[in-house]
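Beneath this line is the structure, given in structure tokens, with notes to follow.
The values are calculated or read from the model by the stated rules, or taken from the named source; none is laboratory data. Being a predicted model, the structure only gives us computed values, none of them experimental. Heads up, the Cβs are rebuilt from the backbone with ideal geometry, glycines too, and the neighbour counts pull from every protein chain shown. With ligands, DNA and RNA removed, areas are computed over all heavy atoms of the protein, side chains included. Shrake-Rupley method; radii C 1.70, N 1.55, O 1.52, S 1.80 Å.
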Amino acid sequence: MNKRIVIIGGVAGGATAAARARRSDESAEITILERGGYISFANCGLPYYISGDIKSRSNLILQTPESFYSRYKIQVKLNTEATQINRTEKFVLAGTEKYYYDKLILSQGANPILPEIPGISKENSFTLRDIDDMDKIHNFIDSNSPKTAVVVGGGFIGIEMAEALVERGLKVSLIEKYKHLMPIADPEFGESIRRAFIEKGVNVITSDAAAGYKPSEKKIILETGNELSADMILFSIGVRPELELIKQTGLEIGKTGGVIVNEFMQSSDPDIYVVGDMAEITNRITGDKTRIPLAGPANRQGRIAGDNVCGGKKKYTGSIGSSVVKVFDKVFAMTGLTEKQAKNLEASSVTVHPNHHAGYYPGAKQLSLKLTFSNKTGKVLGAQAFGSEGVEKRVDVIATAIIGGLHIEDLEELDLCYAPPFSSANDPVNMASFVSSNHKAGFSPTVTVEEFITKQKNDNSIFVIDVRNPDEYKKGNIAGAVNIPLPEMRDRLSEIPKDKEIYVHCQVGFRGHLANRILLQSGFKNVFNISGGYKSLELLSA
Ligand code: FAD
């Protein structure tokens with residue numbers, strides 16, 4: 001008898017698994033059960049239809065049951081919710097219909113978390129997960145012409161939706177309960193994102209949360225008691241795996257709240273595979289269990305499960321969480337571990353702020369790139385970047401380095417494409433690795449802004465030198481910093497105490513590095529360059 005493969009959920013992981021299974025087994029009977037009215041739609045594109053960037057709604061619908069059948073001979077049952085899995089008899093119940101399986105793949109995704117807030121009604125509050133949600137938001141804006149919106153939650157979807165609503169002409173407030181937007185990132189990047197929003201007139205409120213809604217006045221009440229006008233509200237405070245079926249079925253769920261799977265994407269029942277946002281996976285760097293609700297991992301896990309249900313033995317080795325988000329004309333991207341995530345791993349981080357291509361070629365834009373690495377082994381652990389151009393390219397290079405198990409010394413040697421319109425002879429990735437290697441070797445020790453601020457708070461004996469020129473210093477400086485411009489340093493060494501820890505900084509880090517070298521070669525022992533200089537410092541002292 002032909003193998004029967006049933007798949008629950010027909011979008012990122014599910015549709016990929018089905019198509020891959022067909023490529024492996026031409027004779028299998030493959031059926032997708034999808035609760036919604038669409039398969040294989042582009043969830044990641046939903047905010048960009050609301051913004052108006054994507055003009056045609058049909059561009060988001062990548063396949064139909066007919067196109068899927070004609071290409072893959074896969075049965076797609078839309079508007080069909082699986083309500084029970086019978087593991088003994090091996091069938092899935094949807095309505096009154098039983099779908100018998102030899103192998104079952106679950107890719108049910110995750111639901112947006114909806115907080116319980118008094119006064120909120122479905123009329124004008126939304127979450128965004130699928131085409132129906134998108135249509136509701138789009139139609140609400142078209143029919144009601146709201147003037148103001150509050151977006152609750154400053155992560156990826158909140159950021160994309162705040163931008164989309166601005167593009168639709170609304171006055172937007174973006175609320176984040178943590179101190180910085182994009183709480184998963186290091187705080188200076190959250191601050192850069194905040195500034196990008198402020199530039200576009202968005203009211204960004206951090207360290208506060210929605211606590212209630214006054215429908216008569218259309219106002220959100222915040223925990224602090226402040227009120228914000230909100231003709232519409234969008235909640236984007238995170239997602240929770242869809243586990244109703246799994247719980248009834250008795251499959252094991254891990255501490256992270258995702259379904260436990262092995263490296264073949266098999267759950268605790270070897271005939272049931274689980275992929276995508278529902279699955280508990282391994283962080284490829286730390287080996288810790290985690291959930292990474294992103295499209296790339298879901299697609300790759302789906303592909304692996306599609307192979308394995310047909311007898312393959314493909315392994316999923318985990319994710320490093322590479323991700324990117326557009327903030328109007330700026331971009332933030334990250335991969336691997338941040339400074340705060342790597343805190344207990346004997347790791348260091350450095351920041352550089354080079355141009356994205358040669359400064360002398362028109363259109364050069366500064367970007368900020370932070371590289372995190374093991375201080376013991378030099379292994380590359382993570383990167384974050386913010387800027388206008390070339391941001392994700394650098395982060396993608398570093399993501400590749402992480403997967404390849406490369407070290408900062410390898411990044412120094414990386415031959416990357418160069419011509420002035422594209423990069424510099426030393427690409428920002430090379431630059432970040434030079435600074436990292438100089439630090440690791442003790443040639444030019446650095447501290448991160450975070451480390452410096454903590455040090456400054458706890459130790460008033462440190463000596464801080466600002467090596468920028470007096471004009472730069474006058475425009476803004478950090479409390480207690482003595483201005484010794486780099487060109488004067490060799491003549492003013494006597495002003496610097498030999499018995500104190502010395503922290504130097506310039507605007508972006510390079511002159512601080514030169515000062516470090518002068519001081520270290522002049523008999524000073526405990527000297528540190530504040531990585532990223534005043535540009536980074538100023539972001540965190542805001
Ligand atoms: P999904 O793609 O969500 O598919 C699950 C499907 O299962 C759903 O269609 C659901 O209806 C169906 N289902 C659930 N239960 C049942 C049932 N009992 N019976 C039948 N069907 C069922 N990731 C990125 O990497 N980059 C991005 O830019 C990005 N942007 C995003 C923007 C938005 C607005 C959203 C919502 C997500 C975005 N993501 C992004 C995340 C990405 O879309 C998800 O990680 C990915 O879709 C997860 O794939 P999945 O197969 O696990 O679940």
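Worth pointing out:
- Relative contact order computed over the stretch 229-370 (Cα-Cα under 8 Å; 6+ residues apart), in percent: 14
- Lys/Arg +1, Asp/Glu -1 at C-beta; the chain dipole; positive extreme among LEU371, GLY119, SER143: LEU371
- Among ASN59, SER423, TYR213 the positive-end extreme of the charge dipole of the chain (Cβ point charges): SER423
- Rounded percent of accessible protein surface that carbon and sulfur make up, the chain, 1.4 Å probe: 49
- For the chain, the solvent-accessible area of protein heavy atoms averages 44 Å² per residue (probe radius 1.4 Å; ligands and nucleic acids excluded).
- Each Lys and Arg adds +1 at its Cβ and each Asp and Glu adds -1 at its Cβ; summed about the Cα centre, the chain shows a dipole of about 360 debye.
- Nearest 10 degrees, 0 to 90: helix 156-167 Cα axis against the chain principal axis: 90
- Computed [θ] at 222 nm, deg cm²/dmol, the chain (DSSP H ≥ 4; -39,500 (n - 2.57); rounded to nearest 500): -8500 deg cm²/dmol
- Seen against the Cα atoms of the chain and their longest principal axis, helix 510-520 is set at about 50 degrees.
- Projected onto planes of every orientation and averaged, the convex hull of the alpha-carbon atoms in the chain covers 28.4 nm².
- Environment charge at PHE41 (Cβ cut-off 14 Å; Lys +1, Arg +1, Asp -1, Glu -1): -2
- Shape of the stretch 167-221, Cα gyration tensor, a/c cut at 1.5: oblate
- Shape class for the stretch 37-121, computed from the alpha carbon gyration tensor (a ≥ b ≥ c): oblate, with a/c not under 1.5 and a/b at or below b/c.
- Listed peptides 392-400, 214-222, 304-312 by packing density, highest first (mean Cβ within 10 Å): 304-312, 392-400, 214-222
- Rolled with a 1.4 Å probe across the full set of protein chains, the surface gives ASP231 an accessible area near 30 Å².
- Working note: Cα atoms of the stretch 136-243, range along each principal axis, descending, whole Å: 39, 36, 27.
- Taken about its Cα centre, the stretch 414-503 carries a charge dipole of about 160 debye when Lys and Arg each add +1 at the Cβ and Asp and Glu each add -1 at the Cβ.
- Between the listed residues PRO487, GLY405, PHE189, the Cα displaced farthest toward the positive end of the dipole of the chain, a dipole computed from Cβ unit charges relative to the Cα centre, is found at GLY405.
- Charged side chains reduced to their Cβ positions (Lys and Arg at +1, Asp and Glu at -1) give the stretch 211-310 a dipole of some 240 debye around its Cα centre.
- Unit Cα scatterers, Debye sum, the stretch 286-400: log10 I(q)/I(0) for q = 0.16, 0.17, 0.22 Å⁻¹: -0.83, -0.90, -1.19
- Between the stretch 480-542 and the stretch 47-123, the C-alpha centres lie 57 angstrom from each other.
- Shape category assigned to the stretch 233-313 from the gyration tensor of Cα positions, a/c cut at 1.5: prolate
- Relative contact order for the stretch 477-542: 34 percent, from Cα pairs under 8 Å spaced at least 6 residues apart, divided by residue count.
- Angle between the chain longest axis and helix 449-458 axis [Cα atoms, degrees, rounded to 10]: 60
- Dimensions of the stretch 393-522 based on its C-alpha atoms, expressed as ranges along the principal axes with the largest first, amount to 45, 32, 28 Å.
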